[in-house]
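The values are calculated or read from the model by the stated rules, or taken from the named source; none is laboratory data. Please read all numbers here as calculations on a predicted model, not as lab measurements. In this analysis, Cβ positions are derived from the backbone assuming ideal geometry, glycine residues included, and neighbour counts consider all displayed protein chains. Each accessible area value is taken on the protein alone, full model and side chains, heavy atoms only, with ligands, DNA and RNA left out. Shrake-Rupley method; radii C 1.70, N 1.55, O 1.52, S 1.80 Å.
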Amino acid sequence: MMAILDIRFDREEETVRKILELQRKNLRKNLSQAEAASQGFVFVEHDFGTLSKICSEEAPVVAYDGQDLVGYAICMNKIFSQQVPELKLFFEQLDHLVVNGQSLGEQTYIACGQICIAKAYRGQNLMSRLYRHMQKLNVRYTYCVTEISTQNIRSLQAHQKVGFRPIMQHEGDDAEIWEIVLWEWNS
């Protein structure tokens, strides 16, 4: 049975702290190789100050079960491309990609800086529900883009199910291979 959750945009300080807590539990470096392969993982570890700034510009989409944060999607405007070193190359790649005959850098997009679902809530279509809520930003943005490690098969499949399509692969500074995926909101 699908849990009835409160899904909303929320930039409150306590929510930012809870995002960081859930993030820490799901960082690839904190998971066994087997768990990361089967359950997926997050890659970037934010600090409170940077994440607070990101959230002050665009509130993240969060899912609460009572007082417990059980999922989040960080909405990242391109003005933060220099704030998170791990995402600098990603944003540089985006500016040069051509989508529908025009450079993506000249179009409006929001990046999902990270999406994460608590272990007990996986398999309940929560990621899709978070993204559908995020889609309310389509009045300001034409696209939602993100990048996913090609080692994160679970996340790649889940993003495809939501409606994202691959537009480019690139190698990161750490030799990690990343798939940039795009969801066209207003098509």
Checklist entry - Which of the residues that make up region 119-128 are in a helix (DSSP H, G or I) and either of a type outside the set (A, V, I, L, M, F, W, C) or open to solvent by 40 Å² or more (accessible area, probe 1.4 Å) (or both)? => result 119, 120, 121, 128
Checklist entry - How many of the residues making up region 1-35 are farther than 14 Å from residue 73 by Cβ and either touching a Phe, Trp or Tyr at 6+ places or on another chain (Cβ under 6 Å) or of a type in the set (D, E, K, R) (or both)? => result 12
Checklist entry - What is the residue count in region 129-144 for residues that are out of contact with any Gly (no Cβ under 9 Å at 6 or more places or on another chain), more than 13 Å from residue 182 (Cα to Cα) and open to solvent by 20 Å² or more (accessible area, probe 1.4 Å)? => result 6
Checklist entry - Name the residues in region 56-84 that are in contact (Cβ under 8 Å) with a residue 40 or more places away in the chain and hydroxyl-bearing (Ser, Thr, Tyr), would you? => result 56, 64, 72
Item to check | Any pair with Cβ under 8 angstrom, 6 or more apart, that starts in region 105-128 at a residue that is within 11 Å of residue 145 (Cβ to Cβ) and hydrophobic (A, V, I, L, M, F, W, C) and ends at one that is open to solvent by 30 Å² or more (accessible area, probe 1.4 Å) and at pLDDT 90 or above | outcome: 110/140
Checklist entry - Is there any pair linking a residue in region 160-179 that is in contact (Cβ under 8 Å) with a residue 24 or more places away in the chain to one that is surrounded by fewer than 13 Cβ atoms within 10 Å (Cβ to Cβ) and in a strand (DSSP E or B), with Cβ under 7 Å and at least six apart or on different chains, and which? => result 177/169; 177/171; 178/169; 179/169
Item to check | Filtered residue count, region 146-170, keeping only those that are in a strand (DSSP E or B), open to solvent by 40 Å² or more (accessible area, probe 1.4 Å) and not basic (Lys, Arg) | outcome: 4
Checklist entry - When region 171-187 is examined, which residues are found to be more than 15 Å from residue 43 (Cβ to Cβ) and either in contact with a His (Cβ under 7 Å, 6 or more places away or on another chain) or open to solvent by 20 Å² or more (accessible area, probe 1.4 Å) (or both)? => result 184, 186, 187
